[in-house]
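Enquirer: Handing you this structure, nothing more for now.
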Amino acid sequence: MRSRRDDVPDGPAVERALTLGVCGMGGRLMPPPPSLEDALAAAHAQLGDRVARRIERFAAAADGAFVWTRDIDDQVWLGRLAGPWRYDPAPDALDVDLVHVRSCDWLEAPVSPAALPPAVRVAFARGGRNWQRIRADDVSTLTAALWERGERAQRQR
């Protein structure tokens, strides 16, 4: 959830997402779009086809899909998408460039670095700022197991 804009620091968007229970990406649109269709049309016109396709892939991901992010301290967080795409025009969302969002259930604590699936480590090592799909054969199984352990730990508290 790092902004692609160089003038936006990395940390605040992830902090906002974890606090509000969202997952998202940047791409400010003016005026704020009322629907996904309007957002995609505006993104094509204002930001280009690549950004519009990225927003479209993000919106199309299934509810329940796992998502990974890193915070400013390099701690890794695991979440699950839990709602449809929406555009957040709040000033705080604009400030951190986290405007295309979906509800997300995050584990209460970061995942231990030793427990990270290897494919997740590789994806973060690439350093990209894009919404990416991790296609390694074992990543879904390993991630689901981490999610289940984290959920169990939260229920026991």
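Every read-out reported here was derived from the displayed coordinates using simple, explicitly stated rules and does not represent laboratory data. Model, not experiment: these values are computed from the prediction. Every residue, glycine among them, receives a Cβ derived from its backbone with ideal geometry; neighbour counts consider all protein chains shown.
Enquirer: Tabulate in residue order the Karplus-calculated ³J(HN,Hα) for region 143-152, using 6.51 cos²θ - 1.76 cosθ + 1.60 with θ = phi - 60°, rounded to whole Hz; enter x for Gly and Pro.
Expert: 5, 4, 5, 5, 4, 4, 4, x, 4, 4
Enquirer: Within region 1-22, what residues put their amide N at less than 20 Å from the label point 7 Å along the Cα-to-Cβ vector of Asp73?
Expert: The answer is 1-2, 9-22.
Enquirer: Would you calculate the separation in nanometres between label points at Arg157 and Asp6, each defined as 7 Å from the Cα along the Cα-to-beta-carbon direction?
Expert: 3.9 nm
Enquirer: To continue, here is another question. Which value, in debye to the nearest 20, describes the size of the charge dipole of region 11-156 about its Cα centre when Lys and Arg Cβ atoms bear +1, Asp and Glu Cβ atoms bear -1, and nothing else is charged?
Expert: Using only the charged Cβ atoms, the result is roughly 400 debye.
Enquirer: Whole angstrom only: what separates the Cα centroid of region 110-150 from the Cα centroid of region 45-102?
Expert: Between the Cα centres of region 110-150 and region 45-102 lies a distance of 17 Å.
Enquirer: May I pose another question? Between helix 11-20 and the chain, what is the angle of the helix's C-alpha long axis to the longest principal axis, kept within 0 to 90° and rounded to the nearest 10?
Expert: Tilt of helix 11-20: around 80 degrees.
Enquirer: Could you sort 139-150, 92-103 so that the peptide with the highest average Cβ count within 10 Å comes first and the rest follow in order?
Expert: The packing order, highest mean first, is 92-103, 139-150.
Enquirer: What residues have an amide H closer than 5 Å to that of Ala65, excluding those fewer than 5 places away on the same chain, when H is modeled at 1.01 Å from N in the peptide plane?
Expert: Leu81
Enquirer: Moving on. Give me a comma-separated list of calculated 3J(HN,Hα) values for region 55-64, in order, Karplus coefficients 6.51, -1.76, 1.60 applied at θ = phi - 60°, integers in Hz, x for any Gly or Pro.
Expert: For region 55-64, the Karplus-derived couplings read 4, 4, 5, 4, 5, 7, 4, 5, 4, x Hz, x marking Gly and Pro.
Enquirer: Report, in deg cm²/dmol and to the nearest 500, the calculated mean residue ellipticity at 222 nm for the chain, where each DSSP H run with n ≥ 4 adds -39500 (n - 2.57) and the sum is divided by the residue count.
Expert: Computed mean residue ellipticity for the chain: -12500 deg cm²/dmol.
Enquirer: While we're looking at this one, here's another question. Considering the alpha-carbon set of the chain alone, what are its Rg and its Dmax in angstrom?
Expert: Answer for the chain, Rg first and Dmax second: 15.4, 49 Å.
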